[in-house]
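Worksheet: one structure, shown below.
The values are calculated or read from the model by the stated rules, or taken from the named source; none is laboratory data. Since this is a predicted model, take the numbers as computed values, not measurements. Counting neighbours? That spans all protein chains shown, and the Cβs are built from the backbone with ideal geometry, glycine included.
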Amino acid sequence: MNTEMLVRQEFLDEQQLDEQNIRNLQMMNSILRKEKHDIANHLQVILAQCLHKKATALEDIADYLHEIVDRFSRQVTFFDTGNSFLDGLLSIKSNRAFENNITFEVNFEQPVSRLSINTADLISILGNLIDNSFEAITAACHTNGVTSVLSYVENNVYHLSVSNTGTHIPPQLIDKIFVEGFSTKTGGYKRGYGLAIVKHLVQKNGGSK
């Protein structure tokens, strides 16, 4: 790779990282706005119950609060991967999965603190892979799809895995999907860069796909 190509690749990497971070911030902002609106509605309902002064008001409010807490616990999940930034990313993705009826399974047998990797690179890698996984499930029109994010250590090698129940990738395309500009999706513009960026960042940090 000559200097011009290297500079171009690094520019694309930074651009992809910026776009990923912007998407994550926009999604978090959307979640916070929605939660703020929902909380305001719930408080108004509870206030109305108090003002009615019904004999069963306290019991009704308690039941209502239990329902809210139960829904919130299913909608927003908190994680402990050993990296607070990754925990935040997974919470955002968990909320998106909930809204799209996708089961989001996360199991970190070993904390990511065992990995020697740049945090921004880690966020970009997993952010791209999880987004691709959600898109694969949606494209396959699967109901009750599942995306799994796993980490484990085997033969003293730390593994990170993102899998889904979407359509299987044909064996002849496995290597091609990591080539810059190649995409199995329609839409053309800005397609085919996500997995190429993932491959580059993994290799940059001494890993392999």
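Are any of the residues in region 146-153 closer than 21 Å to Leu195 by Cα, at pLDDT 85 or above, part of a helix (DSSP H, G or I) and β-branched (Val, Ile, Thr)?
no
Scanning region 133-145 for residues that are modelled with pLDDT under 90 and either buried (at least 19 other Cβ atoms within 10 Å of the Cβ) or on the phi > 0 side of the Ramachandran plot (or both) yields a count of 3.
The numbered conditions (1) out of contact with any Leu (no Cβ under 9 Å at 6 or more places or on another chain); (2) farther than 21 Å from Leu195 by Cα; (3) of a type in the set (A, V, I, L, M, F, W, C) are all true for Ala97 except (2).
When the test is whether a residue is modelled with pLDDT of 90 or more, outside any loop (DSSP other than H, G, I, E, B) and closer than 20 Å to Ala97 by Cα, Ser124 does not pass it.
Mind checking whether some residue in region 76-93 is in contact with a Phe, Trp or Tyr (Cβ under 8 Å, 6 or more places away or on another chain), assigned to a helix (DSSP H, G or I), over 16 Å from Ser151 (Cα atoms) and at pLDDT 90 or above? Checked against the condition, which is being in contact with a Phe, Trp or Tyr (Cβ under 8 Å, 6 or more places away or on another chain), assigned to a helix (DSSP H, G or I), over 16 Å from Ser151 (Cα atoms) and at pLDDT 90 or above, region 76-93 yields at least one hit.
Inspect all residues belonging to region 163-181 and state whether any of them is at pLDDT 85 or above and either under 21 Å from Pro111 (Cβ atoms) or in contact with a Leu (Cβ under 6 Å, 6 or more places away or on another chain) (or both). Scanning region 163-181 turns up at least one residue that is at pLDDT 85 or above and either under 21 Å from Pro111 (Cβ atoms) or in contact with a Leu (Cβ under 6 Å, 6 or more places away or on another chain) (or both). Glu105 falls short on exactly one of the conditions (1) modelled with pLDDT under 90; (2) not in a helix (DSSP H, G or I), and that condition is (1).
Against the condition modelled with pLDDT under 85, on the phi < 0 side of the Ramachandran plot and part of a helix (DSSP H, G or I), how does Ser73 come out, does it pass? In short, yes. Taking every residue in region 42-60 that is outside any loop (DSSP other than H, G, I, E, B) and pairing it with any residue that is modelled with pLDDT of 80 or more and among the polar types (S, T, N, Q), at least 6 positions away or on another chain, the pairs with Cβ-Cβ distances below 8 Å are Ala57/Gln49; Asp60/Gln49.
Taking first residues from region 106-129 that are hydroxyl-bearing (Ser, Thr, Tyr) and partners that are outside any helix (DSSP H, G or I), the Cβ contacts under 7 Å between residues at least 6 apart in sequence or on separate chains come to Ser113/Gly82; Ser113/Asn83; Thr119/Asn83.
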